[in-house]
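What follows is one structure encoded as structure tokens, with my remarks underneath.
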Amino acid sequence: SALGLSMAPAEQAGAADTPPRMVTAVAATPSIFRTLGVEILRGRGFDDRDGPGAPRVLIVSEFTARQMFGTDAVGRQVALAGQPAARATATIVGIAANTDVGSLFADPRPLAYAPFEQYYQPLVTVVTRASGSVPTAVGAMREAIRRADPDVAIDRIGTGRTVLAGPFQVMRGFGLTAIGLGAITLLLAMACLYGIQ
């Protein structure tokens, strides 16, 4: 699940010329990187050391590390704006490969991963890797969630392509509308030219 974090290098926190940077953060379990095929380039992934009572940690994308530090960020402390005092700093323990989490036509955005047990969010996205037919995999997923907790409300379920297709469908609709208006304009122009003759 996604959450917004404002963070800055701890040694520069509060400096007038280095305001906190808004970073899209994903509260995630340790298996997310293996499931999504996101490589940990340096440092480590999440593990049992990163429980709710442990010191706060983050994994940042390579783009975020380069934007915030310019060098290897593993081991660096970041200050988290707007957090309670006990949660105001976190240590970067890993650098993950960049992924496309921005809008359709935007450059990569600053991205961080946070241990789910340290940054709990009530709205959860469950991601799995499956083989076989899509209906079978989706049915198995739905049944597994029902067995785990019958009271959980499922908002959407499907393959990554279908779940993430919303923005693309909107853009496709705009494109088809533009094509239709262009065709009508062309027909009207041709009719006017024919009428002038």
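The values are calculated or read from the model by the stated rules, or taken from the named source; none is laboratory data. Just so it is clear, the structure is predicted and the values come from calculations on it, not from any experiment. Methodologically, a virtual Cβ is constructed for each residue, glycine included, from the backbone with ideal geometry; neighbour enumeration extends over all protein chains shown. When the accessible area is computed, the model is the full protein with side chains, heavy atoms only, and any ligands, DNA or RNA have been set aside. Shrake-Rupley method; radii C 1.70, N 1.55, O 1.52, S 1.80 Å.
Of the residues ARG44, ARG129, the one with the largest accessible area comes first in the ranking ARG129, ARG44, computed with a 1.4 Å probe on protein heavy atoms.
Once all protein chains are placed together, MET190 keeps about 110 Å² accessible to a 1.4 angstrom probe.
Distant-in-sequence amide contacts of LEU80, defined by a placed amide H-H separation under 5 Å and a gap of 5 or more residues or a different chain, comprise THR89, ALA90. A probe of 1.4 angstrom, applied to the heavy atoms of all protein chains, finds SER133 with accessible area near 60 square angstrom. Between THR128 and ALA54, the simple label model (points 7 Å from Cα in the Cβ direction) yields a spacing of 2.6 nm. Taking all protein chains as shown and a probe of 1.4 angstrom, VAL134 keeps an accessible surface of around 80 Å².
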